């Protein structure tokens, strides 16, 4: 397999790249990443010299570049993770999300179609999406299934929903073999600290305020990133073309419950007084169009592909906090922007 992974220097992407490079030494892994603020090659230092790994800096919307990659590396599989993904940023600047998430996906699909030229044997376009395309759930026991109607509420989720529809359109119109997975909120090592968990870990270290939207009652299902990478690996190798698989962590937490747990663990790890970090919690004006609850029914991937998450939230958050505390240099480089300056020079 010659696998093009888009967005492989990002949070989830770097875990997928590392897993596939190490687990499948006879497959070629091509990592295409534009190295925007969320892409960081420090995430992949441990595998950058592996013989089956190649990094290419570039934009998924660059048709000539993507075409050249397909030609040069004889791409047989695409694992498409590249996306603008932060909801708050999408509210401030929706157009960049439409450009990357919709047009970028369309470009990848079009180039794949051209090179595979209706000979789809041994080919697969795997598109990674989000549970946010399904909209919002009320409090209770309802869960998102693969049949839940789409009801996106933010520019981010609308752009991802649109890209999902494009991928399915190429399956139905051109018979391109595709799979889609929709995952719940990821967390774990290497997460860019604009997202809730790494932001709060960093702010607790720095004794900065912990801004919680509204009353902190919004509920999210949390998926440890290594569990997600393992699910992607399984879907890539065993998923059925034309199918969608929901990937959830079976870990629903209110935002305030999550933040309180992180505070308490951090106090123990940092040798602070019990409750000290909770004093940093600050309630701020709720996000525009803030969805109340996301929760995934992951029974299909369990029943059909034998995947279940290995980590509970309690075990995963412990591993996550330990990683950030052991990698303060990484955290400082990311929060200061030093990581970008270094790689901008290298790939200028």
Residues of region 28-47 being more than 19 Å from the chain's Cα centre (by Cα), surrounded by 15 or more Cβ atoms within 10 Å (Cβ to Cβ) and in a loop (DSSP other than H, G, I, E, B), in sequence order, are 47
Does region 233-246 contain at least one residue that is outside any loop (DSSP other than H, G, I, E, B), surrounded by fewer than 22 Cβ atoms within 10 Å (Cβ to Cβ) and over 21 Å from the mean Cα position of the chain (by Cα)? no
Residue hits (region 66-85; in a helix (DSSP H, G or I) and either within 22 Å of the chain's Cα centre (by Cα) or in contact (Cβ under 8 Å) with a residue 24 or more places away in the chain (or both)) are 66, 67, 69, 70, 71, 73
Before we move on, is residue 204 part of a helix (DSSP H, G or I), buried (at least 21 other Cβ atoms within 10 Å of the Cβ) and within 15 Å of the chain's Cα centre (by Cα)? no
In region 86-189, which helices (runs of 4 or more DSSP H) lie fully inside it and hold 2 or more residues that are surrounded by 23 or more Cβ atoms within 10 Å (Cβ to Cβ) and within 15 Å of the chain's Cα centre (by Cα)? 155-174
Has region 10-22 got any residue that is surrounded by fewer than 21 Cβ atoms within 10 Å (Cβ to Cβ), in contact (Cβ under 8 Å) with a residue 24 or more places away in the chain and in contact with a helix residue (DSSP H, G or I) (Cβ under 9 Å, 6 or more places away or on another chain)? yes
Can we say residue 14 is under 19 Å from residue 333 (Cα atoms) and either modelled with pLDDT of 95 or more or not in a loop (DSSP other than H, G, I, E, B) (or both)? yes
Selection from region 266-311 of residues in contact with a helix residue (DSSP H, G or I) (Cβ under 7 Å, 6 or more places away or on another chain), under 23 Å from residue 209 (Cα atoms), touching a residue at least 12 places away in the same chain (Cβ under 8 Å) and not in a loop (DSSP other than H, G, I, E, B) yields 266, 269, 277, 278, 280, 281
Pairs please, first residue from region 39-62 and at pLDDT 95 or above, second anywhere and in a helix (DSSP H, G or I) and surrounded by fewer than 18 Cβ atoms within 10 Å (Cβ to Cβ), Cβ atoms under 8 Å, 6+ apart in sequence or on different chains. 47/22; 50/22; 54/73; 56/65; 58/65; 59/65; 61/99; 61/103
(1) surrounded by 13 or more Cβ atoms within 10 Å (Cβ to Cβ); (2) modelled with pLDDT of 85 or more; (3) in contact with a strand residue (DSSP E or B) (Cβ under 9 Å, 6 or more places away or on another chain); (4) in a helix (DSSP H, G or I) all hold for residue 343 apart from (2)
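Each row is one residue, and each column tells you yes or no for (1) buried (at least 21 other Cβ atoms within 10 Å of the Cβ); (2) farther than 18 Å from residue 195 by Cα; (3) touching a strand residue (DSSP E or B) at 6+ places or on another chain (Cβ under 7 Å); (4) at pLDDT 95 or above.
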| position | (1), (2), (3), (4) |
| --- | --- |
| 289 | no, no, no, no |
| 294 | yes, no, yes, no |
| 299 | no, yes, no, yes |
| 306 | no, yes, no, yes |
| 312 | no, yes, no, no |
| 319 | no, no, no, yes |
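Give 193, 198 a once-over and let me know the one that is under 20 Å from residue 335 (Cα atoms), in contact with a strand residue (DSSP E or B) (Cβ under 9 Å, 6 or more places away or on another chain) and at pLDDT below 95. Outline the logic, then answer.
Details: 193 fails: in contact with a strand residue (DSSP E or B) (Cβ under 9 Å, 6 or more places away or on another chain).
Step by step, each of 193, 198 is checked, and only 198 is under 20 Å from residue 335 (Cα atoms), in contact with a strand residue (DSSP E or B) (Cβ under 9 Å, 6 or more places away or on another chain) and at pLDDT below 95.
The values are calculated or read from the model by the stated rules, or taken from the named source; none is laboratory data. These numbers were taken from a predicted model, which means no experiment stands behind them. Virtual Cβ from ideal backbone geometry, glycine too; neighbours counted across all protein chains shown.
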